[in-house]
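Worksheet: the structure to be examined is printed underneath.
We did not get these values from a lab; they are worked out from the coordinates using the rules stated. Model, not experiment: these values are computed from the prediction. We place every Cβ from the backbone using ideal geometry, glycine too, and count neighbours over all the protein chains shown.
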Ligand SMILES: Nc1ncnc2c1ncn2[C@@H]1O[C@H](COP(=O)(O)OP(=O)(O)OP(=O)(O)O)[C@@H](O)[C@H]1O
Ligand SMILES: [Mg+2]
């Protein structure tokens, strides 16, 4: 333990810089995934063909190992460092959010949308006042799982010079004498993943409208979006 | 206030073999309640949704106050029309109060101005505001949700109301209360109402006129009295009367349908019956007083009389295969 603290506080190890780099390398892809997946979800959800394509391509992308994506990015961009890493991690983050957006929007009670249109809401009003509030909890569940996946994968980015905790791990793996590096890297990533999970669980709860909260469920719980990415929440 | 005119309205859904609504023409006068009656799948909902342009007709036109709806912007058109949808469709993430004031809110009215109006509307539909305004739709029974749907449609005080089986999920007692409320609203500011119902009693009670639909076509249009007295065909007779045809006529036909001139055998000194009383009222009065004829008054003046014989002739005429003309109106 003392050894650990010594390692972390040793300026030569630049732990603070590594932590900052890791967080930036996580945050940027999370934000990019959101910026891509949320509008894309809205655009394709009501178009059967586009939604089918988006769902299947997302599934496909998820099946490709992140390691392979990193290598492809490296080859494609012909550079190492932050940019290819961030793009690869974004590719990891988009599918879970997009899938949940599509499933969530399609799960909104058609009668509610019908009533909204019937009373004279414009398309943007239907989206802002009815669809988005109802889909937000489902989308947030997708964001949560995307974020945790990105954090868990971030050490791999060190392979193509992305920096962050992954450097400790690579260091540790390359030389048995550096076991402490490996340990610090792995523990830090694990803690960051747990923290991310906790933060996004709170966010998810916060964006769930009171009328949809689990505790409220009365006799007919059929209304409202289906929660596919976070079955754990059901029990809450 | 608005007149709604259907001119040769036809709607064929893409891929459908026959039209869901087939060359339907009729007019709902300003301030009238028009009941749409018909078997399931006869095109009632389709007809209703063409009024606020949720569906556009394949051919024909719908005119509101003389202007074809297709010439109006659908959004503005819909904002002036209250719509109670068949599946209720409350917004699950909004409280009951938020649901009720959603139409005024999209029209830009601040929530603070609406608080009193929301409570008034909740009371109108028989939901204690203090108990229900802060609840969410999931915490309400199906019938209570349906009543919130009605309050929501009334919130912006539209001059046209489209109601698709608005009382379908209500028990007989609550349903009757809601019907009374609707008639009470109608006695104040009169709205032009298109009301889909499966309940013949409801149609006879609420309707200024009834439109009977079958397989997309308009079979008969008329007042409840006209439909009871002269059903256009067996379909209408079965729909309206069923086995209770005679009972229905006693219940809904006014005494004027069996009116005969003069005072006949009625005792001039006896208390007269008002012209808007039903045949059932007349029979009850006769049984109570032991007389076989009653003088009928309108605005204090005797307009004729009814007798057991004239009532019996009228009721038999309405139940027979060929309807006899209404004696008097
Ligand atoms: N969106 C649609 N696409 C294709 N066909 C439809 C659509 N909506 C209704 N139909 C068909 O049109 C016909 C009339 O339907 P409509 O919903 O107007 O009937 P309805 O009289 O309201 O019936 P109910 O009393 O059961 O509500 C039916 O045969 C129905 O299957
Ligand atoms: Mg219907």
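Figures for the structure shown
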read-out: Distance between modelled label sites at residue B:111 and residue B:56, nm, 7 Å Cα→Cβ extension; value: 3.7
read-out: 5 Å-binned pair-distance histogram of segment B:102-194 (Cα, whole percent); value: 3, 12, 24, 26, 21, 11, 3, 0
read-out: At 1.306 mPa s and 10 °C, Stokes diffusion of segment B:23-117 via Kirkwood alpha-carbon radius, µm² per second; value: 101
read-out: Angle in degrees between helix B:308-319 and the longest Cα principal axis of chain B, rounded to the nearest 10; value: 50
read-out: Convex hull volume per residue in cubic angstrom - Cα atoms of the protein assembly as shown; value: 199
read-out: Rounded Å value of the spacing that divides the Cα centres of segment A:14-86 and segment B:127-201; value: 50
read-out: Most mobile of B:139, B:209, B:220 in a GNM of chain B (Cα contacts under 10 Å); value: B:139
read-out: Label point distance in nm, residue B:13-residue A:61, each placed 7 Å from Cα along Cα→Cβ; value: 3.6
read-out: Å³ per residue enclosed by the Cα convex hull of chain A; value: 144
read-out: Relative counts (whole %) of C-alpha pair distances in segment B:248-317, using bins that are 10 Å wide; value: 24, 62, 14, 0
read-out: Estimated FRET transfer efficiency when R0 is 41 angstrom, pair residue A:199-residue B:76 (beta carbons, to 0.05); value: 0.35
read-out: Values of log10 I(q)/I(0), in the order q = 0.07, 0.08, 0.16 Å⁻¹, for segment B:4-242 under a Debye, Cα-only, solvent-free model; value: -0.23, -0.30, -1.17
read-out: Surface/4 estimate of mean projected area, convex hull on alpha-carbon atoms of segment B:201-270, nm²; value: 6.1
read-out: Where labels lie 7 Å past Cα in the beta-carbon direction, separation of residue B:26 and residue B:190 in nm; value: 1.8
read-out: Nearest 10 degrees, 0 to 90: helix B:172-187 Cα axis against chain B principal axis; value: 90
read-out: Which of A:85, B:269 has the fewest Cβ neighbours within 10 Å, and the rest in rising order; value: B:269, A:85
read-out: Difference of contour (0.36 nm per residue) and Cα-Cα distance, residue B:183 to residue B:65; value: 40.2 nm
read-out: Pairwise FRET efficiency - residue B:157 versus residue A:83, Cβ, R0 = 51 Å, nearest 0.05; value: 0.30
read-out: Among B:29, B:92, B:231, residue whose mean-square fluctuation peaks in a GNM of chain B (springs only between Cα atoms under 10 Å); value: B:92
read-out: Top of B:53, B:313, B:152 by mean-square fluctuation, Gaussian network on chain B, Cα under 10 Å; value: B:313
read-out: Helix B:111-124 axis, angle to chain B major axis (alpha carbon atoms, nearest 10°); value: 30
